[in-house]
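To start, the structure under review is shown below, and the notes come after it.
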Amino acid sequence: MKKVFHIAVSFIVLISIWQLAVSFGSWNESLFPSPLKVVQGFKELMESGTLAAGIKDSLYRFAVGYSIAAVSAIIIGMFLGWFRKLWNFVNPVVQLIRPISPIAWLPFVVLWFGIGDLPAMVIIFIAAFFPILLTTISAVGKVDQTYIKVAKNFGLNQFQTLLKIVLPSAFPFIATGLHLALGTAWVFLVAGEMVGSQTGLGFMIIDARNNLRADMLLASILSIGLIGLILDSLIGLAEKKLLKISGFVPNERGA
Amino acid sequence: MFINIEDVSKNYIQNKKTFCAMEHVSLQIEEGEFICLLGPSGCGKTTLLNSIAGFEKVSEGRIAIAGNEVTAPSTKNVTIFQNYGLLPWRTVQKNVELGLEGKKLAKKERREIAARYISLVGLSEFSKSHPGQLSGGMQQRVAIARALAVDPEIIFMDEPFGALDALTRMKMQDEISSIWQEQKKTIIFVTHDIDEAVFLADRVVIMTPNPGKIKSIVPVPLARKRDRTSEDFLKIRDRIFTEFEMKQKDNTEFYI
């Protein structure tokens, strides 16, 4: 309840400052729209169905790109984390590619994958893949050696050890990686859609700019922030719940 | 002889210096014996245990169980670790089933075997709990149930009660003693607690550090269940104390 209060106050203050700036400043309304104008633009976007369609397309691309990134990064990360000697060879290449912004690949992505859903998916994939891969590899390295000894003692083979011991024991760290990557990937979704798509939230920004509709522009930007916030809280909740169900967070008596 | 340890040494190389953890250790253990390896830290008792269990390779000498040289951990022998080694994401039931998953058993059979041993250690009503919800003593009992469930020939225990408070510890000693009598397993038990060793062991193997070696072996010919306050118990306890004090007398040159 207290949290709701904090949120309410922070937005009321933000919107008030915004309105005051518009009222007492002497900016052109078409360059710096008032809150009311943005709400109207928002309404227009909703009524025309543009917003719903944009959100739907963006979420679809995001879901596909992020899921493929998560699954492949976890599988490859488990493998590379387990076979450390192999990782020592792969690591330099990963370290070289990792600092490159996913956007830098855009020209290639558009050339190879054309225009449509694919470029945005590929950008999201690149953005999400590396953080998940690296957290998974380091999580595998942090697995308590006692668990590995127990697995050996009970005659589990390598595949069983990876699946039954290493993966669940690394899960809390991997979950953190998934959470962080979700935020990063959402940031890059917009960039991917601004160049490689004709629909989606990113394209709505380009479209509003081309039509000189600052109100719609800001409405689209705020929608992106709002959905990002919702996605982040959802995965945060899922993470907490999963950790609790799987016994990592001791409840009641405590360890 | 069931377990035969012949002139075993273990050297580590640390910072380019060779460190001797265990030197010329020889020991014979019979099937069904309860052996305590007793000594201060650094005496090589855990190294010896890990070597017999197959987790560490010895530098010199030979260890054989039932005639076969030990080279790797075997499913026939189970180690219970000091921090229990329970998987926090699995329930008590699933933890106990872990060792049975490598064997070709029907799911139902696996569940029944696990349930039987969970009830043996008195935790039936907690079978759906996660280890994090249990006290230290209860966690240790889960580890014991998990070890017994695979019906091993030898159980290795590395200071299993080290993290428990004194009273829980004595209760666990009672329990492991009666489980040993019922199940007739060979148990090799590492401890630095003299009372614990006298209470549990058929023979107490006294080890001393720098380098780790066996100083002497004290048999404990007392009937079970043992009385911690009986005269005979205290006599053997005294004898072990003397064994350790002898070590001090050797070092008198260091006193001022």
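Got a sec? Which of B:LYS128, B:LYS171 is among the basic types (Lys, Arg) and away from chain A (no Cβ under 14 Å)?
Going through B:LYS128, B:LYS171 in turn, the sole match is B:LYS171.
Which condition number does B:ASN210 fail, the rest of (1) at pLDDT below 90; (2) part of a helix (DSSP H, G or I) being met?
Unmet for B:ASN210, out of (1) at pLDDT below 90; (2) part of a helix (DSSP H, G or I): (2).
Hey, any hits in the stretch B:13-24 for a residue that's open to solvent by 30 Å² or more (accessible area, probe 1.4 Å), of a type in the set (D, E, K, R) and in contact with a His (Cβ under 7 Å, 6 or more places away or on another chain)?
no
Write out, first by first residue and then by second, each pair whose Cβ atoms fall under 9 Å of each other, whose residues are 6+ apart or on separate chains, and whose first residue, in the stretch A:234-249, is touching a residue at least 12 places away in the same chain (Cβ under 8 Å) while the second is among the polar types (S, T, N, Q) and part of a helix (DSSP H, G or I).
A:GLU239/A:THR176
Can you find a residue that is within 14 Å of chain A (Cβ to nearest Cβ) and either more than 24 Å from B:GLN181 (Cβ to Cβ) or open to solvent by less than 30 Å² (accessible area, probe 1.4 Å) (or both) anywhere in the stretch B:25-48?
Taking every residue of the stretch B:25-48 in turn, at least one turns out to be within 14 Å of chain A (Cβ to nearest Cβ) and either more than 24 Å from B:GLN181 (Cβ to Cβ) or open to solvent by less than 30 Å² (accessible area, probe 1.4 Å) (or both).
From B:GLY136, B:GLY102, grab the single residue that is in contact with an Asp or Glu (Cβ under 9 Å, 6 or more places away or on another chain), surrounded by fewer than 20 Cβ atoms within 10 Å (Cβ to Cβ) and at the interface with chain A (Cβ under 10 Å from one of its Cβ atoms).
B:GLY136
What's the total number of residues in the stretch B:73-99 that are more than 7 Å from chain A (Cβ to nearest Cβ), open to solvent by 20 Å² or more (accessible area, probe 1.4 Å) and of a type in the set (S, T, N, Q)?
Number of matching residues: 4.
Being touching a strand residue (DSSP E or B) at 6+ places or on another chain (Cβ under 8 Å) and either surrounded by fewer than 17 Cβ atoms within 10 Å (Cβ to Cβ) or closer than 28 Å to A:ARG61 by Cβ (or both) is the filter here; which residues of the stretch A:131-185 pass it?
Result: no residue meets the conditions.
When the stretch A:46-55 is examined, which residues are found to be surrounded by 13 or more Cβ atoms within 10 Å (Cβ to Cβ) and within 22 Å of A:LEU182 (Cα to Cα)?
Matches in the stretch A:46-55: A:LEU51, A:ALA53, A:GLY54, A:ILE55.
What are the residues in the stretch A:72-109 that are open to solvent by less than 70 Å² (accessible area, probe 1.4 Å) and out of contact with any helix residue (DSSP H, G or I) (no Cβ under 9 Å at 6 or more places or on another chain), if any?
Answer for the stretch A:72-109, where residues must be open to solvent by less than 70 Å² (accessible area, probe 1.4 Å) and out of contact with any helix residue (DSSP H, G or I) (no Cβ under 9 Å at 6 or more places or on another chain): just A:ALA104.
Being closer than 27 Å to B:GLU23 by Cβ and not in a helix (DSSP H, G or I) is the filter here; which residues of the stretch B:213-238 pass it?
Once the filter is applied, which keeps residues that are closer than 27 Å to B:GLU23 by Cβ and not in a helix (DSSP H, G or I), the stretch B:213-238 yields B:LYS213, B:ILE214, B:LYS215, B:SER216, B:ILE217, B:VAL218, B:PRO219, B:VAL220.
Taking the condition over 26 Å from A:VAL64 (Cβ atoms), open to solvent by less than 20 Å² (accessible area, probe 1.4 Å) and modelled with pLDDT under 95, does A:GLY247 pass?
In short, yes.
The values are calculated or read from the model by the stated rules, or taken from the named source; none is laboratory data. Remember, it's a predicted structure, so these values are computed and weren't measured experimentally. A quick note on method: Cβ atoms are made from the backbone with ideal geometry, for glycine too, and the neighbour counts reach across all protein chains shown. For accessibility, only protein heavy atoms count, side chains too; no ligands or nucleic acids. Shrake-Rupley method; radii C 1.70, N 1.55, O 1.52, S 1.80 Å.
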